[in-house]
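Asker: Pasting a structure here, questions to come.
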Amino acid sequence: TQLLEQSPQFLSIQEGENLTVYCNSSSVFSSLQWYRQEPGEGPVLLVTVVTGGEVKKLKRLTFQFGDARKDSSLHITAAQPGDTGLYLCAGAEAGSYQLTFGKGTKLSVIP
Amino acid sequence: GAVVSQHPSWVICKSGTSVKIECRSLDFQATTMFWYRQFPKQSLMLMATSNEGSKATYEQGVEKDKFLINHASLTLSTLTVTSAHPEDSSFYICSASVLPGGTGELFFGEGSRLTVL
């Protein structure tokens with residue numbers, strides 16, 4: 001079973017600041033996904049990255065997959081209070097559809 | 001996107017009783033669904049993979065006799081927590097894929113919060 005380390009675990013910032021969340025593993029993933037979860041709800045998929053070095057942008061969110069497909073980052077520019085939530089990364093091994101989730105990063109954006 | 005619905009959203013039960021949680025794919029057929037458990041301030045932990053028409057595959061450490069999974073149709077999987085105890089209190093979430101074999105994007109239910117008194 002692959003392990004995903006997410007950092008930081010908690011992050012509290014002021015509105016307008018930038019932040020980066022990291023997801024690291026010693027194993028290689030065939031794909032990696034980022035989810036956002038609000039309290040009491042299921043996770044919602046933000047993005048899937050599959051190619052080493054891939055960069056995807058979703059408005060103010062920028063996702064990057066490491067060249068070796070062992071790590072990923074999520075960068076949020078000019079954070080808004082609506083960005084508050086739990087951000088989870090999840091990876092899938094080659095040939096598997098099962099996801100291994102990181103522990104999550106709880107983000108609080110203060111107005 | 002595809003919609004997955006869970007019921008109930010909240011359930012409180014007495015210790016020793018059994019609780020059934022339903023997971024439905026509303027606008028697509030899901031041959032494979034997944035069940036997760038999430039404790040407070042922790043991440044999702046995969047409990048089992050539910051395959052329509054066959055026995056579920058349980059992750060290591062998950063008691064199959066305690067967490068009964070039935071996937072009787074292409075749109076419904078159920079998780080029954082038998083003889084629930086306070087330590088079973090958790091947030092249970094299901095997910096389903098629009099593609100056969102559980103590949104492709106997963107869509108998650110809203111989750112069901114179980115509190116065992």
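The values are calculated or read from the model by the stated rules, or taken from the named source; none is laboratory data. A quick note: this is a predicted structure, and the numbers were derived from the prediction, not measured. For neighbour counting, all protein chains shown are included, and Cβ atoms are generated from backbone atoms with ideal geometry for every residue, glycine included. Please note that ligands, DNA and RNA were not included when accessible areas were found on the heavy atoms of the full protein model with its side chains. Shrake-Rupley method; radii C 1.70, N 1.55, O 1.52, S 1.80 Å.
Asker: Quick check: from the Cα gyration tensor, does region B:23-114 come out rounded (a/c under 1.5), prolate or oblate?
Answerer: Cα axes put region B:23-114 in the prolate bin.
Asker: Just to make sure I understand: if all protein chains stay in place, what is the order of B:T31, A:T51, B:T80 by accessible area at 1.4 Å, largest first?
Answerer: Details: B:T31 55, A:T51 75, B:T80 25 Å².
Accessible-area ranking of B:T31, A:T51, B:T80, largest first: A:T51, B:T31, B:T80.
Asker: Can you pick out the pairs among A:K106/B:K64; B:K20/B:K55; B:K20/B:K66; B:K14/B:K66; A:K57/A:K106 whose Cα atoms lie more than 23 Å from each other?
Answerer: Working: A:K106/B:K64 32 Å; B:K20/B:K55 17 Å; B:K20/B:K66 12 Å; B:K14/B:K66 16 Å; A:K57/A:K106 21 Å.
From A:K106/B:K64; B:K20/B:K55; B:K20/B:K66; B:K14/B:K66; A:K57/A:K106, over 23 Å: A:K106/B:K64.
Asker: Is the shape of chain A rounded, prolate or oblate, going by the alpha carbon gyration tensor and its root eigenvalues a ≥ b ≥ c, with a/c under 1.5 for rounded and a/b larger than b/c for prolate?
Answerer: Judged from the Cα gyration tensor, chain A comes out prolate (a/c at least 1.5, a/b above b/c).
Asker: Report, in debye and to the nearest 20, how large the dipole of region B:53-117 comes out about its Cα centre when Lys and Arg carry +1 and Asp and Glu carry -1 on their Cβ. Spell out each step's value before the answer.
Answerer: Numbers: 4 positive and 7 negative charges, 31 e Å.
Dipole about the Cα centre, nearest 20: 140 debye.
Asker: How much solvent-accessible surface does B:R24 expose, in Å² to the nearest 10, with a 1.4 Å probe and all protein chains in place?
Answerer: 100 Å²
Asker: Okay, moving on. For chain B, modelled as a GNM with alpha-carbon contacts under 10 angstrom, which of B:E87, B:E22, B:E105 fluctuates the most?
Answerer: Between B:E87, B:E22, B:E105, it is B:E87 that shows the largest mean-square fluctuation.
Asker: Quick one: net charge of B:L76's neighbours, Cβ under 15 Å, K/R +1, D/E -1? Don't skip to the answer; put the middle values down first.
Answerer: Working: positive: B:K20, B:R24; negative: B:E22, B:D27, B:E52.
Net charge in that neighbourhood comes out at -1.
Asker: Just read off the accessible area of A:D67 with the full protein assembly in place, 1.4 Å probe, to the nearest 10 Å².
Answerer: 130 Å²
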